[in-house]
Ligand SMILES: Nc1nc2c(ncn2[C@@H]2O[C@H](COP(=O)(O)OP(=O)(O)OP(=O)(O)O)[C@@H](O)[C@H]2O)c(=O)[nH]1
Ligand SMILES: [Mg+2]
């Protein structure tokens, strides 16, 4: 059992490629989680495809012991998250298992889209955020400019920001001390009834379904009977463990800790991410609020090049679905391409990853149809159809109107390039179609102006603007 005051749970968040996994490596190495021989670059990116492409797809948790400068031993639970927007859902559930975040910003690149998206999610759930400027070993690194950007665009203080290099290891000691001194300890109660958050679950071919949990109150022990509150089913815990990063069996997890349990559940559909787990013999009344479910937004058809490979494709999809509940598929037949599946993904990178895994791990040659989004088709009789497959388009005589998804966006760029960026936006059908009535907000630092078009808003802002200042452009409605 660990003293809850000596636990720190935190996520590492950043834009893609800003160095989250590399900094996680350094922290693991410093805390002795792996020996020199076991250590490799981005050790938490364990899938082949993650290593080849150098991207994180799945969030990974590691428990480490750290002896602070004051001589006290602390337990650190780190969650390394993916930076690409398609995997934003991984970030949101990782954040809810922790009390704090390390916000990594590449000091050669500055603040980028996912820096903002991820840090806002963290601030929304009251995380303590430690800003870290990475890659200071590179000649193009500009720490002061990046700090100004973080203050202006993200809006968090950077006086105590840490400069570091995931490559050389400079600044890692400071990061570890800041984790201890700035991030809060969890505030659960060990003597209360068991309450756990189901953070993630995946299928392991040896162990079955592995469930990642964060214990809020109470204790989770081997052989204990627990209940999943969403389906009211009871299960016996066969194994309790933590990742160090190797899986390590332990006897119990107590309040404030993050670890995994194995219960003999065979199907991932029973383990709903965001569910609450309680003691079957002493249940709690109210479940935790849970998360918003992830929803596929990009759809396309997948067909085998050779129709005899249909069964292989079907089996492959079923197996991948076991490890990735966020994509969906249903059978489809096309007069040109034969039998196949209509699949939904979180974005284009997710689509690419899944098709690559199908071809590689299940040896199927695929034809992928053009990806599309969901259109809302309003029919004459008032019925509204969510259309994801063009072949289901109703007869034009039955359609009153069709709506296509629009985006709400923030553009961050240098003033010098603004005109080039915004002219095409003002020319888009969306801008032409009547969203001009004061919908555009241009924000530079703390100042903000509103214009009928982007160009007008930027011109209004021109007066007080210096030559190389960052600019945030936000369209108000969508
Ligand atoms: N020179 C230098 N390169 C770095 C540093 N930190 C990371 N890198 C490199 O930057 C690239 C991206 O690093 P990752 O750690 O994979 O970045 P990430 O943020 O985990 O990326 P995603 O998980 O895909 O979002 C790799 O090639 C790293 O070797 C650093 O401090 N200095
Ligand atoms: Mg990574």
Over the stretch 306-330, the set of residues more than 19 Å from residue 59 (Cα to Cα) and touching a strand residue (DSSP E or B) at 6+ places or on another chain (Cβ under 6 Å) is 307, 310, 313, 317, 328, 329, 330
Checked 141, 107 against criteria (at pLDDT 90 or above, touching a strand residue (DSSP E or B) at 6+ places or on another chain (Cβ under 9 Å) and surrounded by fewer than 22 Cβ atoms within 10 Å (Cβ to Cβ)); the one match is 141
Pairs returned, first residue in the stretch 134-155 that is under 23 Å from residue 121 (Cβ atoms) and in the same structural domain as residue 108 (by TED's automatic domain parsing), second residue that is more than 16 Å from ligand 2 (Cβ to nearest atom) and in a helix (DSSP H, G or I), beta-carbon separation under 7 angstrom, 6 or more apart or interchain, are 153/116; 154/116; 154/119
| query | Within the stretch 24-39, is there a residue that is at pLDDT 80 or above, touching a helix residue (DSSP H, G or I) at 6+ places or on another chain (Cβ under 9 Å) and at positive phi? | reply | no
Residue 249 vs (1) in contact (Cβ under 8 Å) with a residue 12 or more places away in the chain; (2) part of a strand (DSSP E or B): all pass except (1)
When the stretch 156-170 is checked residue by residue, the ones that are touching a residue at least 60 places away in the same chain (Cβ under 8 Å) and either part of a strand (DSSP E or B) or farther than 10 Å from residue 107 by Cα (or both) are 166, 167, 169
Tell me, yes or no, whether the stretch 57-72 has at least one residue that is within 12 Å of ligand 1 (Cβ to nearest atom) and crowded, with 23+ Cβ neighbours inside 10 Å.
yes
Filtering the stretch 6-54 down to residues that are more than 16 Å from ligand 1 (Cβ to nearest atom) and more than 19 Å from residue 242 (Cα to Cα) yields 36, 37
Restricting the stretch 48-79 to residues that are more than 20 Å from residue 165 (Cα to Cα), within 16 Å of ligand 2 (Cβ to nearest atom) and in a loop (DSSP other than H, G, I, E, B), the one modelled with the lowest pLDDT turns out to be 58
Considering the stretch 34-47, residues that are under 24 Å from the mean Cα position of the chain (by Cα) and touching a residue at least 60 places away in the same chain (Cβ under 8 Å), and then whichever is farthest from ligand 2 (Cβ to nearest atom), we arrive at 43
Considering the stretch 16-33, residues that are within 11 Å of ligand 2 (Cβ to nearest atom) and part of a loop (DSSP other than H, G, I, E, B), and then whichever is nearest to residue 259 (Cα to Cα), we arrive at 19
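The values are calculated or read from the model by the stated rules, or taken from the named source; none is laboratory data. Quick caveat: nothing in here was measured; it's all calculated off a predicted structure. With ideal geometry, Cβ positions are generated from the backbone for all residues, glycine too; neighbour counts draw on all protein chains shown.
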